[in-house]
Amino acid sequence: MAEGAAQSVDRAARASAQPFAWHFNPAVWADQGRRIIPMMRAYGGLSLRQQDVSLPRTLGRIGSLEVRLAANAAEVRRAQKLRWRVFYEEMRAIADAPSKLARRDIDPFDAICDHLVVIDHAVMEKPAFGMPRPAIVGTYRLLRQEVADRHGGFYTTGEFAIEGLLSRHRGLRFLELGRSCVLPAYRNKRTVELLWHGIWTYVLSHRIDVMFGCASLEGTDPKTLSLELSFLHHNARAPAEWSAGPVPARHVEMGRLSRDAIDMKKALHALPPLIKGYLRLGAHVGDGAVVDHQFGTTDVLIVLPVSSINPRYIGHFGASAERHAA
């Protein structure tokens, strides 16, 4: 009886200790680290990427505007600040605690992305501490497939089921584009052209085959966006080989109106400039949309194979991206 009692006590002790032991389970802590560490790096503007020596410091210039990759953590933080001004102050997105505290748009993916920035050397910012510096007026976030594969995948997978798309084109290099924004005073042809010149230079340098990402329509009520969504569904839907839809729980139907019921001129006018720009380049749109309540938008998937880019745009920027090269 004494031996049995001792065994019972031992089992009880192990059971009571289990919750305590769980907190020190290396697998649990590793999983938490994979979540927390990228966010901490992103909060500081730090990047996991190694310095890209294949690209020149300046990717292009038009007048006082320069496009290049953010050179350090401070410039990533300034890009996040710009995103805050556009997404949260202008567009009224809902901030999480880290972003609200820092007054910057902070996302864990920032730590593994390259950040394309447009800088206006004619406009100087005066920070609270330090020397005046040229203003960052536009930004784009770039994530290459080989980097995403090493660090948990793409941002887009939170909205769209792109696994099939990637597996169908396993031999191609994908580049995710996201977090695009430009200050209101710079929303003109010159700034947008310079951003795309920077992207094109990056695509050529890294031998990218396919660009993709989420593009947004303002508003979270698909009924009020029926015209725009239906236009995209009937006129820009991707062929089967390039198609992907939303994750099932978030699927929103796009073909809300028949083709005959669409006022084409009105629909084109209503589309955001970014989406119209993608379509002019030759992009396709996925099958279905997603409502993003945090950012107050309805998102569609954009897929742009480099082989589908309209030749006149390649001729415009130059096959070697020489048009606005510094």
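The values are calculated or read from the model by the stated rules, or taken from the named source; none is laboratory data. Here the structure is a predicted model, which is why all the values come from computation and not from measurement. Positions of Cβ are backbone-derived with ideal geometry, glycine not excepted, and every protein chain shown enters the neighbour counts. What goes into the accessible areas is simple: the full protein's heavy atoms, side chains included, and nothing from ligands, DNA or RNA. Shrake-Rupley method; radii C 1.70, N 1.55, O 1.52, S 1.80 Å.
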Selection count, region 300-309, where residues are open to solvent by 10 Å² or more (accessible area, probe 1.4 Å) and touching an Asp or Glu at 6+ places or on another chain (Cβ under 9 Å): 2
Close pairs from region 172-195: first under 25 Å from Val147 (Cα atoms), partner among the acidic types (Asp, Glu) and outside any strand (DSSP E or B), Cβ under 7 Å, at least 6 apart: Leu172/Asp209; Arg173/Asp209
Residues within region 209-230 that are open to solvent by less than 10 Å² (accessible area, probe 1.4 Å) and not in a helix (DSSP H, G or I), tallied: 6
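Yes/no matrix, rows are residues, columns are (1) over 26 Å from Arg173 (Cβ atoms); (2) at pLDDT below 95; (3) open to solvent by 40 Å² or more (accessible area, probe 1.4 Å); (4) out of contact with any helix residue (DSSP H, G or I) (no Cβ under 7 Å at 6 or more places or on another chain):
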residue: Ala267; (1), (2), (3), (4): yes, no, no, no
residue: Ile275; (1), (2), (3), (4): no, no, no, yes
residue: Gly282; (1), (2), (3), (4): no, no, no, no
residue: Val285; (1), (2), (3), (4): no, no, no, no
residue: Phe295; (1), (2), (3), (4): yes, no, no, no
residue: Thr298; (1), (2), (3), (4): yes, no, no, no
residue: Pro311; (1), (2), (3), (4): no, yes, yes, yes
residue: Ala321; (1), (2), (3), (4): no, yes, no, no
Unmet criterion (only one of (1) touching a strand residue (DSSP E or B) at 6+ places or on another chain (Cβ under 6 Å); (2) charged (D, E, K, R); (3) assigned to a helix (DSSP H, G or I)) for Asp299: (3)
Subset of region 184-196 (residues that are open to solvent by 20 Å² or more (accessible area, probe 1.4 Å) and not acidic (Asp, Glu)): Pro184, Ala185, Tyr186, Arg187, Asn188, Lys189, Arg190, Val192, Trp196
Hits in region 265-296 - residues which are outside any helix (DSSP H, G or I), over 29 Å from Ser99 (Cα atoms) and of a type in the set (A, V, I, L, M): Ala283, Val285
Leu271 vs. criteria of a type outside the set (D, E, K, R), open to solvent by less than 20 Å² (accessible area, probe 1.4 Å), within 17 Å of Leu301 (Cβ to Cβ) and touching a strand residue (DSSP E or B) at 6+ places or on another chain (Cβ under 7 Å): no
Those strands (runs of 3 or more DSSP E) lying entirely in region 44-145 with at least 2 residues open to solvent by less than 10 Å² (accessible area, probe 1.4 Å): 65-69, 114-125, 133-144
Output for region 70-118, where each listed residue is within 16 Å of the chain's Cα centre (by Cα), in contact (Cβ under 8 Å) with a residue 60 or more places away in the chain and farther than 19 Å from Met39 by Cβ: Leu82, Val86, Leu116
